[in-house]
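Data block below; observations after.
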Amino acid sequence: MAPETGHDGRDTGDVLPLVSNEEWAERLPWLVQATTARGGTDPAFDLGLAGREPVAAVLGRWNTVREALGADGIVVARQVHGDRVLEHSHTLRGMHIAEAADGHVTGVTGLLLAVTIADCVPVFLARPRDRRVALLHAGWRGVAGRILQAGLAGLGPGSTEDIFVHFGPAICGTCYEVGPEVHRALGRSPPTGPETIDLRAILAEQAEAAGVPRANISRSAWCTRCDAPHFFSHRGGDAGRQIGVIGIRRAG
């Protein structure tokens, strides 16, 4: 898949496989934003903290991501498919696992926010005027619970008109089939049986309803299930995980 404006491009390599929003890289050069991929190595570039991979190997990969992206610290939480968003206001070094939450906000330079994903949507938020960023883990429960609104609120008071929102690699609306109860929870008319639904499309509607301009909303063209050779997919039977990361570059 060739790089597309406003979408995530190709893996950058086998040693550290990353996809990132190319438009953001041009418009927001102070920002670090990416999603890891499976990579072409054996074993794959699995970042799952509760999988079958040896802990030392997984933590080593986390450290590789942090160092390669020039960050002092990286923080991730125990994800519970809720709507809690944590504020990180202090410099951290190394890797930190926070209390249960599904979102992070910071304005601290050199700190990477991270979420683990394998079909759920990594939601990247950036506000250039005061250089604040947020990252959310949004499965259907998080979308129904309005975690996007919690993330926007976590950026602080003010208009949402200058906020940028990007939905990273996730399962697409063709692959994601769920029951009537999920459609109902997401505000859709419930079908009579399992049908597909597009979480990123619903999140985009929520962002626009919250006042984020449509021109500031983008989504990755990657599907973790369709493009499973490139990504881990829970629905595809994978135990592995990729991560989404966002942070503010250090000067110099």
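The values are calculated or read from the model by the stated rules, or taken from the named source; none is laboratory data. What you see is a predicted model, and the numbers here were worked out from it, not measured in a lab. All Cβ positions, glycine included, derive from the backbone under ideal geometry; neighbour counts span all protein chains shown. Just the protein is used for accessible areas: all its heavy atoms, side chains included, with ligands, DNA and RNA removed. Shrake-Rupley method; radii C 1.70, N 1.55, O 1.52, S 1.80 Å.
Structure notes:
- Of all residues in segment 42-55, those that are modelled with pLDDT of 95 or more and either exposed (fewer than 13 other Cβ atoms within 10 Å of the Cβ) or assigned to a helix (DSSP H, G or I) (or both) total 0.
- Boolean, A101 is closer than 24 Å to P17 by Cβ and not in a strand (DSSP E or B): no
- Scan of segment 202-226 for residues that are open to solvent by 20 Å² or more (accessible area, probe 1.4 Å) and within 14 Å of A144 (Cβ to Cβ), ordered by number: E205
- The residue that is nearest to E87 (Cα to Cα), counting only those in segment 134-150 that are over 12 Å from the mean Cα position of the chain (by Cα) and part of a helix (DSSP H, G or I), is A150.
- Residue match in segment 60-79 (condition: outside any strand (DSSP E or B), open to solvent by 10 Å² or more (accessible area, probe 1.4 Å) and closer than 30 Å to A210 by Cα): yes
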